[in-house]
Amino acid sequence: MQERISREQMLKKIRQALIEKTEPHFPSLDWDKNVYTPAIGEGPEEQFALAFTKIGGHFTFCENEIDCIEQLIQIAQSKGWKKFYCWEKPLQYLLKQAAFPYTTEDREFPEGMVGITTCEALVSRLGSVIVSSGIGSGRRLFVAPTFHVIIARTSQLVPDLKDAFYLIQEKYGQQIPSMIAALSGPSRTADIEKTLVTPAHGPEEIHVLLIDEPHSR
């Protein structure tokens, strides 16, 4: 009985607090103001590259689409990559132009495979890559590959997470994808004997090839 009374009293206090809202303790404080100030002369590309590599990612700046494919070939040769998976039509078209080998197989995922995808946005401040199930790669190609290559464009660079969500809302309207995730380098954990393990799951390496679009600056 006492437990029931205590619960009702607590709920009553919560309802009362919601009805009679207190004045803010710091009325002059602008909670929407961005407290992060980038270094002078540091563009969004540099911001993203620094933050992304700091958390274990690999970044390559590409002057155009042709340079992107050439950089991808160089990386693949240096890493000894052999098996490439690509499910997105625009990327397939780009790879076909350079006769770059890839498969659209979606059942077997062998060790050492490379997944090639696009993304929704790149968050400069955090070095995070925003992906979603709305992309042609679905969900699996973000977690199944041993190595993940993301081909992005400078028009997808945004300062912060809220800006990335604006982009997604603008793109999908009311049909927001069921899965939206931020990839911040290879996954890691220290849960096992307090020893850092990378990757904990998903790709061993994440590479971002950023294609320059001068008109987007």
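The values are calculated or read from the model by the stated rules, or taken from the named source; none is laboratory data. These numbers come from a predicted model, not from an experiment. Cβ placement follows ideal geometry from the backbone for every residue including glycine, while neighbour counts extend to all protein chains displayed.
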Please work out if Ala182 is touching a helix residue (DSSP H, G or I) at 6+ places or on another chain (Cβ under 7 Å), under 23 Å from Pro44 (Cα atoms) and modelled with pLDDT of 90 or more. no
Need the failing condition index for Arg107 against (1) in a loop (DSSP other than H, G, I, E, B); (2) free of Cβ contacts under 8 Å to residues at least 12 places away in the same chain; (3) of a type in the set (Lys, Arg); (4) closer than 23 Å to Glu213 by Cβ, just the number. (4)
I'd like the residue in the range 99-142 that is among the β-branched types (Val, Ile, Thr) and surrounded by fewer than 16 Cβ atoms within 10 Å (Cβ to Cβ) and, out of all such residues, is farthest from Leu72 (Cα to Cα). Thr104
Taking the stated definitions as given, is Ile75 among the β-branched types (Val, Ile, Thr), touching a His at 6+ places or on another chain (Cβ under 7 Å) and at negative phi? yes
Among (1) touching a strand residue (DSSP E or B) at 6+ places or on another chain (Cβ under 7 Å); (2) at positive phi, there is one condition Ala164 misses while meeting the rest; what is its number? (2)
Yes or no: the range 154-169 includes at least one residue that is closer than 18 Å to His207 by Cα and of a type in the set (Phe, Trp, Tyr). no
Condition met for Gln92 (without any contact (Cβ under 8 Å) to a residue 24 or more places away in the chain and within 22 Å of the chain's Cα centre (by Cα)): yes
Of (1) modelled with pLDDT of 95 or more; (2) within 30 Å of Tyr166 (Cα to Cα), Pro24 satisfies every one except (1)
Could you identify the single residue in Phe84, Phe59 that is among the aromatic types (Phe, Trp, Tyr), modelled with pLDDT of 95 or more and within 16 Å of the chain's Cα centre (by Cα)? Phe59
Tabulated pairs, the range 69-87, first in contact (Cβ under 8 Å) with a residue 40 or more places away in the chain and among the hydroxyl-bearing types (Ser, Thr, Tyr), second in a helix (DSSP H, G or I) and surrounded by 14 or more Cβ atoms within 10 Å (Cβ to Cβ), C-beta under 9 angstrom, 6+ apart or interchain: Tyr85/Leu141
Can you tell me which residues in the range 75-89 are surrounded by 11 or more Cβ atoms within 10 Å (Cβ to Cβ) and outside any strand (DSSP E or B)? Ile75, Ala76, Lys79, Trp81, Lys82, Lys83, Cys86, Trp87, Glu88
